[in-house]
Amino acid sequence: MALRLFRRSQELVTPIIKRGCVVSAFDLQHKNPIQKKVDQIPVAQYGGRHTATMLPGGGIGPELMNYVKEVFRFAGVPVDFEIVDIDPASEGNEDLEYAITSMKRNGVAIKGNIETKSEELGVISRNVALRNELDLYVNVLHCKSYNAIPAHHKNVDIFIIRQNTEGEYAMLEHESVKGVVESMKIVTEEHAYRLARWAFEFARNNGRKKVTTIHKANIMKLADGLFLRAGREVAKEFPDIQHNDMIIDNCCMQLVSNPHQFDVMVTTNLYGSITSNVLCGLVGGAGLFSGRNYGDHYAVFEPGTRNTGTAIAGKNIANPVAMLQAAVDMLYHLGHRYHADCISDAIHKTIEVDGIHTPDLGGQNSSTDVVQNILQHLAEKRTYWQHGKDN
């Protein structure tokens, strides 16, 4: 349904595009009444500027967010941040509720890892709660090799499309009898078909030729069987896209031995987490890749493996690239393509041409070394004089 509405919205904006205007993904989400299933939500955009929610999170999250703000300020990016801090030690949900309100108001957010330190029953994961409340039903991770970074495989270029709100992350557990815990894995027909159709549309729109459905239907015949069936049936609507499926066990082995056979992978929630970490480990680590979370109305951007790495906060050794890439993805979503291109190009040159690498990549450079080198490339482009390029 979401994609049918998206296609209808594209039909509506086609005349505008033909007149030479650019319609961003953010505009499609927030400014098209046909796509909205709820009352119109005010959009935080004033004088050509956008306001985005920033959730620094814990660990090295605040440090990485400072780098994002520094790069945006230097490049003159027309985005303002509404910063919301969530205390991981807090027992209440007031800060979480405020964060959700902010994200609904702004429509877009960038976040670090929001820690939930309590392991008590009834205290839910705040990261999961954010995704569920905003119905961010799909997560996209793009793993692409850097030639300058030592890795197990070269020339890897894979998208992982992950179900984001169901599966093992449904958080439905109970102790049926003492010593016996049951944890429910939820797969619904509506969401399985919605994700499969989103993945095939994504493949077609991005020039991808193959979609692989990852499952465990040989054991979980009902739950994963439904997920697999959705993939196979939706594939019939896309004869131009090749489709196959693979059991998760074999998938992990194939990723390690021959990742080049994959193009777009569509997975359940837990399998997406597993394959994302395997793939990132193969081509450079968690510090390089961003993750995008999409729903019908909102978008949230974060590091791809949903953690802030093993670096210790304040040591100036954390790799800022994943968070900066998330910021770039956010700019593309908002329609600020010129600024996004400039920052993306500066990141690429820093890693590939200049060889500025933090310890997690086998280098000796600090976090600030990376950021300062990115700023030098931005200075060459005079980005801060080019505000009108996006409009």
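The values are calculated or read from the model by the stated rules, or taken from the named source; none is laboratory data. Here the structure is a predicted model, which is why all the values come from computation and not from measurement. Virtual Cβ from ideal backbone geometry, glycine too; neighbours counted across all protein chains shown. Heavy atoms of the whole protein, side chains included, go into the accessibility calculation; ligands, DNA and RNA do not. Shrake-Rupley method; radii C 1.70, N 1.55, O 1.52, S 1.80 Å.
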Among (1) open to solvent by 80 Å² or more (accessible area, probe 1.4 Å); (2) within 19 Å of ASN244 (Cα to Cα) - the single one HIS174 does not satisfy: (2)
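Of all residues in the range 345-364, count the ones that are outside any helix (DSSP H, G or I) and either surrounded by fewer than 20 Cβ atoms within 10 Å (Cβ to Cβ) or touching a Cys at 6+ places or on another chain (Cβ under 9 Å) (or both). If you could, list the steps in order and put the result at the bottom.
Filtering the range 345-364 for residues outside any helix (DSSP H, G or I) gives 354-358, 362-364.
Cutting the leftovers down to either surrounded by fewer than 20 Cβ atoms within 10 Å (Cβ to Cβ) or touching a Cys at 6+ places or on another chain (Cβ under 9 Å) (or both) gives us 354-355, 362-364.
Of the residues in the range 345-364, 5 are outside any helix (DSSP H, G or I) and either surrounded by fewer than 20 Cβ atoms within 10 Å (Cβ to Cβ) or touching a Cys at 6+ places or on another chain (Cβ under 9 Å) (or both).
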Quick one: SER367 ticks every box in (1) open to solvent by 20 Å² or more (accessible area, probe 1.4 Å); (2) over 19 Å from the mean Cα position of the chain (by Cα); (3) more than 19 Å from GLY48 (Cβ to Cβ); (4) not β-branched (Val, Ile, Thr) bar one, so which box is it? (1)
Based on what the data block shows, is LEU130 aliphatic (A, V, I, L, M), under 27 Å from ARG197 (Cβ atoms) and at pLDDT 90 or above? no
Just wondering, is there one or more residues in the range 157-165 that are modelled with pLDDT of 90 or more, assigned to a strand (DSSP E or B), more than 13 Å from LEU270 (Cα to Cα) and out of contact with any helix residue (DSSP H, G or I) (no Cβ under 8 Å at 6 or more places or on another chain)? yes
Is it the case that the range 248-258 has a residue that's open to solvent by 10 Å² or more (accessible area, probe 1.4 Å), of a type in the set (Val, Ile, Thr) and in contact with a Ser or Thr (Cβ under 9 Å, 6 or more places away or on another chain)? yes
Neighbours by Cβ (under 9 Å, 6+ apart or cross-chain): first from the range 236-249, farther than 18 Å from LEU279 by Cβ; second acidic (Asp, Glu): PHE238/GLU201; GLN242/ASP263
Being assigned to a loop (DSSP other than H, G, I, E, B), surrounded by 15 or more Cβ atoms within 10 Å (Cβ to Cβ) and not β-branched (Val, Ile, Thr) is the filter here, so list the residues in the range 142-156 that pass it. SER145, TYR146, ALA148, ALA151, HIS153
If the requirement is being touching a Gly at 6+ places or on another chain (Cβ under 9 Å) and either open to solvent by 40 Å² or more (accessible area, probe 1.4 Å) or closer than 16 Å to GLU168 by Cβ (or both), which of these qualifies: LEU226, LEU270? LEU270
Take the residues in the range 169-188 that are not charged (D, E, K, R) and not in a strand (DSSP E or B); name whichever of them is nearest to VAL128 (Cα to Cα). VAL187
Can you go through PHE227, PHE200 and tell me which one is in contact (Cβ under 8 Å) with a residue 40 or more places away in the chain, out of contact with any Ser or Thr (no Cβ under 8 Å at 6 or more places or on another chain) and part of a helix (DSSP H, G or I)? PHE200
What's the number of the condition PRO239 fails, among (1) under 16 Å from ILE160 (Cα atoms); (2) open to solvent by 40 Å² or more (accessible area, probe 1.4 Å); (3) not small (Gly, Ala, Ser)? (1)
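For the range 46-61, give me the residue count where each residue is surrounded by fewer than 19 Cβ atoms within 10 Å (Cβ to Cβ) and at pLDDT below 85.
The number of residues fulfilling the criteria is 3.
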For the range 203-224 the number of residues that are in a loop (DSSP other than H, G, I, E, B) and over 17 Å from ILE241 (Cα atoms) is 7
Any chance you could count how many residues in the range 290-299 are touching a His at 6+ places or on another chain (Cβ under 8 Å) and open to solvent by 10 Å² or more (accessible area, probe 1.4 Å)? 3
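Condition test on ALA99, is it at pLDDT 90 or above, assigned to a helix (DSSP H, G or I) and in contact with a strand residue (DSSP E or B) (Cβ under 8 Å, 6 or more places away or on another chain)?
So ALA99 passes the test.
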